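Notes to accompany the following structure.
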Amino acid sequence: MSVRVRFAPSPTGRLHVGNIYIALNNWLFAKKRGGQFQLRLDDTDLERSTAEFAAAIETDLKWLGLTWDSFDRQTERLTRYDAAAEKLKANGRLYPCYESAEELQLRRKVQLQQGRPPIYDRAALKLTAEDRARLEAQGIQPYWRFKLEGRLVNWNDLVRGPQHVDETSQSDPVLVRTNGTYLYTLTSVVDDIDFGITHIIRGNDHVTNTGTQIQIFEALGAAAPEFAHLPLLVDAAGEGLSKRLGSLSIGQLRDEGLEPMSINSYLAHIGTGDPVRPAAHLEELLPDHDLSKFGKTSPRFDPAELAHLNARLLHALSYDEAKPHLAALGLGEIDAALWEAARANVEKVEDVKLWHQVCRGALTPVIADAGFAAAAAELLPAEPWDSTTWNAWVDQVKKATGRKGKDLFMPLRQALTAADHGPELKVLLPLIGRERALRRLKGETA
């Protein structure tokens, strides 16, 4: 069987890390098995879906490297949903209802007061053709419910193990609104059938409607795919994520300078029990991917942990791997020597700008003792300089001034870099160069 999965976001907000957690696990599951990954926009909510959000979904996925093998929009498939709805009506599984939202709310309230479960009582099934005609003559348009079979629906969940839902405890779900538009519960099933989806990997907030969807698959004459319900991510405080609130959106993380592979690496590991480690390429995440590693506890997405992982990823990047990132900084060509000097001291690629300024630009030095700095300047050796120059020069300054330890090294670092910490000066000094170093030791901006 050829594996085919889908990621089906609605373009009603920006994607957040919880959405990407689902998308990534679908992508990894498919690619590990040589399968296909479909991007499908659930855009039938015309009031809230926007072209801007749809474009942002594509941008975010491409930035993360989660490219798709096929792309579809539900708004382009309305005739298929019409046909499916007619089939369900013909076999008695889709029936019209006429209650208002207020009537339904009142019924639920009464049921709860009587200690009964607040499920739909199927009153609409008792209406005659004359009753329906009369209501529609009054301008009341029906909405349509799917008639559930009152039985246990079982499936083996690839994350949660054997599962079942007692459908006698569920209300017949609404599949068609009064305005004729379709709800996700129907459109998703029709799409999964038509596109040959073999595995549905999604959040565990969908567990309770899985039994209903399996019944719709069967009513439409199709076998249901396999299911895997992942635990939902929460933020560091244990709160749920919402794309409409912009919680930890991918756009926000990109603007903050985080690397796409640090996000992928983090999301691929949290909740699995595996140690979180950086990967430079998506393919490196494939061997360890296994849905059975996920538990039922909601993993916490900690931005501080992600930032630390981002730094680890950058520290491990070779110059050739870093080149595209460095080019995006707009500083011109940054050579291998500067990257090698800076990479262990950056948390984000943008931090390279500081060390580019130190080595290639001008800065105002911090001179704690002008006399000491002047003495050190007098002892600067002639070029060419290499990694041995720093130690040789410092030994001369130590002998001449009697300084040692922090009193020797810190004033030199502050004069040369205007900072208290950073890469080793034996590496930086040749990049700074004699002319720039001399002027800084004299207190000049250089």
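Coordinate-derived values only; no laboratory data. Quick caveat, the model's predicted, so the values are computed rather than measured. No Cβ is skipped: glycine too gets one built from the backbone with ideal geometry, and neighbour counts run over all protein chains shown.
Rounded to 0.05, the FRET efficiency of the Gln113 and Ala83 pair, given R0 = 45 Å and the Cβ-Cβ distance, is 0.60.
Length available on full extension from Asp351 to Ser100: 0.36 nm per residue minus the Cα-Cα distance, which gives 84.5 nm. Set against the labelled values [x] 1.18; [y] 0.96; [z] 1.10, Rg/Rh (Cα atoms, Kirkwood Rh) computed from this structure falls on [x].
Take every pair of alpha-carbon atoms less than 8 Å apart whose residues are at least six positions apart; their mean separation over the length of segment 362-441 yields a relative contact order of 47 percent. Label-to-label distance, Lys293 versus Asp69, with points set 7 angstrom from Cα along the beta-carbon direction: 2.3 nm.
Charging the Cβ of each Asp and Glu at -1 and of each Lys and Arg at +1, and nothing else, the dipole of the chain about its Cα centre rounds to 520 debye. Label positions at Thr178 and Asp386, each projected 7 Å from the Cα along the C-beta direction, are separated by 8.5 nm. Could you give the Stokes-Einstein D for segment 362-441 in µm² per second, using the C-alpha Kirkwood radius, 20 °C, 1.002 mPa s? In µm²/s, the coefficient rounds to 173. Say R0 is 45 Å: what FRET efficiency, to the nearest 0.05, do Lys126 and His308 get from their beta-carbon distance? Step by step, r from the Cβ atoms, then E = 0.10. The length gained by stretching the chain between Arg277 and Asn156 to full extension, at 0.36 nm per residue less their Cα-Cα distance, is 40.5 nm. The label-point distance for Met1 and Arg48, in a model that sets each label 7 Å from Cα toward Cβ, rounds to 3.2 nm. Counting only DSSP beta bridges whose two residues both lie in the chain, roughly 50 percent are antiparallel. Between the alpha-carbon centres of segment 170-238 and segment 3-17 there is a gap of 14 Å.
Coupling constants for segment 191-198 follow from the phi torsions by the Karplus curve (6.51 cos²θ - 1.76 cosθ + 1.60, θ = phi - 60°), and in residue order they are 4, 4, 5, 5, 9, x, 5, 9 Hz; glycine and proline get x. Separation of the alpha carbons by more than 28 angstrom is noted, of Lys323/Lys404; Lys399/Lys442; Lys323/Lys406, for Lys323/Lys404; Lys323/Lys406.
Tell me, what is the FRET efficiency for Glu76 and Lys399 to the nearest 0.05, using R0 = 51 angstrom and their Cβ-Cβ distance as r? So the FRET efficiency works out to roughly 0.05.
Any idea what the relative contact order of the chain is, in percent, if you count C-alpha pairs under 8 Å spaced at least 6 apart?
14 percent
In the chain, the DSSP-assigned H stretches of four residues or longer account for a calculated mean residue ellipticity at 222 nm of -13000 deg cm²/dmol, using -39500 (n - 2.57) per stretch and the full residue count as denominator.
Between Ala137 and Ala327, the contour length at 0.36 nm per residue exceeds the alpha carbon distance by 61.6 nm.
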